[in-house]
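Take a look at the structure set out below.
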């Protein structure tokens, strides 16, 4: 008969510990925290419960990846650790090495699953994305009427491009029911007509918040409504680092509400500068063609009719001295840079004004009701009423004689 | 005329003036029109004021707009 092995208490605990660690080792456990106590050493002791059972747990300070203050009684958590036995007391417990709120974990998993599903269905397909209009006029904004996002968008547009009308489509952007409200607001955006015209673009937006706050923008219904939206959409949710499903589905993603406003429309300074440059080329072209016409005319007059007392250079000097022409006044706004650029080019542009020769005594003559000035007396009837445009004012006359001699040829 | 139409118009005028042999009267007309359009663009950029209205839907599902004051 073999001897029965009698364990000492410590021997038993050691053997049980070895068996337990070998059998289960490191593992994940979901449970609710209770009886949390943080010792002066910084170690946190708590019980993990699930309604019918409980287990002791300890998280040693040196291992804490998260601050202890994030843990409170009643929070459901996912913990990772090693199941072991504390030998001196013969108590088995979990030595926790990582801990995170269970809600977040579940949300993260749901996010990844939805993302994979929608990706497979083609909801993020670049080929489906609509281009944004260059100069939008009617802009829908789906957001909270009291939120920071709306204020940010308004302040950027007021400065950069106030040539739009914002149509606020109110929706709560966090909490239960928010996803459904965003879907409804998007539906309204599509149906909406402003003086018969549809919206040009719609922004779906909210400011920063917790993962829970942003969750309506990870909702499948919102994703599908964005995908189905027949007008271009911009998604601007939270901060740069917050990437939501809505961001992936929308036609464009803006990292913040302010940048959505920048993405939406050009800057008026930019457009003013572009208009100025085109207007300048109009002026230069007009000037070049008028100067050659003017020079031809001048040659004829000098050789056949008159002797003009001023030399060409003096005439040109006078013209250069003239103050800013109407074109320049047209473009000089209150934007300092544009005004400076204009001042620099004012004189050049002024050269091209076709009315300048009138100041020097030339005139334009029109048969009444005719838009083009007369170049030839042929076809003008005696007794016809003509209008002569001078540098200042006009004259109405009646034709007494028509001489068809070709003076200039 | 909206600003995009005005910008397109201005660019069209510039293009027309680049063509050879544009008649004298046409040049005058284009220059004057270009000046007027540029002035209009300036006015629009300078004087535009952002407007905000709020969409409301009644029980019959009819949408309408009401003034919205951001405060």
Note to self: If I go through segment A:390-407 residue by residue, how many of them are modelled with pLDDT of 80 or more and out of contact with any helix residue (DSSP H, G or I) (no Cβ under 7 Å at 6 or more places or on another chain)?
What the structure shows: 12
Check: So which helices (runs of 4 or more DSSP H) stay within segment A:141-229 end to end and still have 1 or more residues that are at the interface with chain B (Cβ under 10 Å from one of its Cβ atoms) and either within 30 Å of residue B:47 (Cβ to Cβ) or out of contact with any strand residue (DSSP E or B) (no Cβ under 9 Å at 6 or more places or on another chain) (or both)?
Finding: A:148-160, A:178-191
Notebook entry, point to check: Got a sec? Which of B:55, B:38 is part of a helix (DSSP H, G or I) and either facing another protein chain (nearest Cβ under 9 Å) or in contact with a strand residue (DSSP E or B) (Cβ under 8 Å, 6 or more places away or on another chain) (or both)?
Noted result: B:38
Item checked: Test: residue A:273 is crowded, with 20+ Cβ neighbours inside 10 Å, at negative phi and either within 14 Å of another protein chain (Cβ to nearest Cβ) or in contact with a strand residue (DSSP E or B) (Cβ under 7 Å, 6 or more places away or on another chain) (or both) -> no
Check: So is residue A:198 over 29 Å from residue A:112 (Cα atoms), in the same structural domain as residue A:171 (by TED's automatic domain parsing) and in contact (Cβ under 8 Å) with a residue 40 or more places away in the chain or not?
Finding: yes
Notebook entry, point to check: From the set of residues in segment A:81-135 that are within 14 Å of chain B (Cβ to nearest Cβ) and touching a strand residue (DSSP E or B) at 6+ places or on another chain (Cβ under 8 Å), which is farthest from residue A:161 (Cα to Cα)?
Noted result: A:132
Next item on the list: May I ask you to say which residue of B:10, B:50, B:63 is within 8 Å of chain A (Cβ to nearest Cβ), in contact (Cβ under 8 Å) with a residue 24 or more places away in the chain and surrounded by 15 or more Cβ atoms within 10 Å (Cβ to Cβ)?
Entry: B:10
Note to self: Any residue at all in segment A:153-171 that's in contact (Cβ under 8 Å) with a residue 24 or more places away in the chain, closer than 23 Å to residue A:225 by Cα and surrounded by fewer than 16 Cβ atoms within 10 Å (Cβ to Cβ)?
What the structure shows: no
Checklist line | Condition met for residue B:70 (modelled with pLDDT of 90 or more and either within 8 Å of chain A (Cβ to nearest Cβ) or closer than 30 Å to residue A:291 by Cα (or both)) | finding: no
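The values are calculated or read from the model by the stated rules, or taken from the named source; none is laboratory data. All of these numbers come straight from a predicted model, not from anything done at the bench. Don't worry about glycine lacking a Cβ; one is built from the backbone with ideal geometry, like all the others, and counts go over all protein chains shown.
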